[in-house]
Amino acid sequence: MRRLVHRSNRTGARWRVVALLFVFALAAVAAGCGGDDESASGTGTGTAAGTGGGACDKPIWVLLPDSASSPRWESDDRPYFDKAFTDAGIEHTIVNAEGDAATQQSQAEQAIAAGAGVIVLTSIDTGSGGTIIDLAKESDVQVIEYDRFNTGSSGGSAYVSFDNVQVGATMAEVLEPAIEALGKSPANVVELNGGEEDNNAFLFKDGYDAVVQEHVDDGSWKLVADQFVPGWGANGEGQGIMEQILTDANNKVDAVFAANDNLAQQAINALEAAGVGPIPLSGQDASAAGIQNILLGKQTMTVYKPIQAEAETAVQAALALCSGQDPSAVEPDFAGSLSEGTVGLLDLQTVGIKAADGKPADSPTGEGVVPYLALTPIGVTVDNIADTVIADKFRTIEEICTGDTADTDFCKENS
């Protein structure tokens, strides 16, 4: 897996300078930690025998944010983390705050009291996330910021995520020709962004907004609404916002850049209720519902972020930190868990992100800079579902081909 250090800006343009970094010996770390892990299905707690005195002799805690903003946290991230830590023989605890910042802070305090060596944190919001990072630092506990970055904080030891500007750019790459094919002049476009409490929402927006603004400037598109949805629509806010957008636009909406599959579904609900569509519509997370909506023709695409690769990268970074090594130098091998096609599209780059504002830094190190392990996102349409999410077993035919989706050509050919 290549390691690149690049200079980047928020529109995704960057200079790449190839730099050779060393191979991280996961097997040696696992051997040093030793033991078999018995993981409980409730909190996801496992204990490795014989961890004392090894290279990583402290427990690692994973703090997940909720179950409502996206199904991925429980259906994907939890089992991937559990398996990876179990395979490495590491004592670990996985908890979910279910959207409550006070609960997540309490979980962090429990992790610190339990002697955690590393906390892998997906915060509920940047403010509470920053508080957790500071609490951990005061107790000499390392923090990996996972998937969500905590702007304005003192910064964790590493940030593991996907190239979030590229996530939005990938949406635009697929939707742009679909919108142009409508032949509207101008095409009325909506941006249904994620929650403002999540820095990723701004980065995703940067990615697709760059393309939107080009068309707005030349008069071919009109941005009729640009709305952030609190909590990523965890409580259904996205549908109400989309309904109001449709009312204000007299139902004249030709395309929607929805920042994830949950918001895409809420947009679909509002569009169908208004008798509008289907129209070009983006999504993200490659959720089962998102893939079904693509097959049913209700959603144009989703962004697949191979979560097993993200979780594996975070696990190896956590093991590196736990054993006193550089987390940004890990070299995870995804060949065992992902299809050849996906591995060929994946890249892992070590860049830098500024703790103060979440903007890209000139290098992975420096004052106020957090090393950012950034993975490549993959666009999924009806044409490559089989070669990506199905081939990787990220989604299965059995979970996708249910209800109305079972009658689609894809399901008839693949069931």
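List of remarks:
- When each of 184/252; 305/354; 222/298; 83/137; 137/305 is checked by Cα-Cα distance, pairs over 19 Å: 305/354; 222/298; 83/137; 137/305
- Tilt relative to the chain, helix 164-180 - C-alpha long axis, 0 to 90 degrees, to 10: 20
- The slack in the chain from residue 384 to residue 345, taken as 0.36 nm per residue of separation less the alpha-carbon distance, amounts to 12.8 nm.
- Segment 111-120 - phi-based ³J(HN,Hα) in whole Hz, Karplus 6.51/-1.76/1.60, Gly and Pro as x: 4, 5, 5, 7, x, 4, x, 9, 10, 9
- Over the chain, Cα pairs under 8 Å with separation of 6+ residues give a relative contact order of 18 percent.
- For the chain, the longest principal axis of the Cα atoms and the long axis of helix 261-273 meet at an angle of about 20 degrees.
- Prolate/oblate/rounded call for segment 231-279, Cα gyration tensor, a/c under 1.5 rounded: prolate
- Antiparallel DSSP beta bridges within the chain, as percent of all bridges there, nearest 5: 35
- Computed extension length for residue 412-residue 184: 78.6 nm, one decimal, from 0.36 nm per residue of separation with the Cα-Cα distance subtracted.
- Shape of segment 303-372 from the C-alpha gyration tensor: oblate (a/c of 1.5 or more and a/b not above b/c, with a ≥ b ≥ c the square roots of its eigenvalues).
- Database remark: amide H of residue 348 closer than 5 angstrom to the amide H of 2 (H placed geometrically; neighbours at sequence offset of 5 or more, or on other chains; Pro and chain starts carry no H).
- The accessible surface of the chain, taken with every protein chain in place and a 1.4 Å probe, is 49 percent carbon and sulfur.
- Set against the labelled values (1) 65, 56, 39; (2) 67, 48, 42; (3) 68, 46, 45, Cα extents along the principal axes in Å computed from this structure falls on (2).
- Label-to-label distance, nm, for residues given as residue 359 and residue 397 (7 Å Cα→Cβ offset): 5.0
- Spin-label pair residue 74-residue 138: with each label point 7 Å from Cα along the Cα-Cβ axis, the two points sit 3.2 nm from one another.
- The chain - accessible surface per residue (Å², probe 1.4 Å): 38
The values are calculated or read from the model by the stated rules, or taken from the named source; none is laboratory data. None of the values given here were measured: they were computed from a predicted structure. Cβ atoms come from the backbone with ideal geometry, glycine included; neighbour counts cover every protein chain shown. SASA here: full protein model, heavy atoms, side chains in, ligands and nucleic acids out. Shrake-Rupley method; radii C 1.70, N 1.55, O 1.52, S 1.80 Å.
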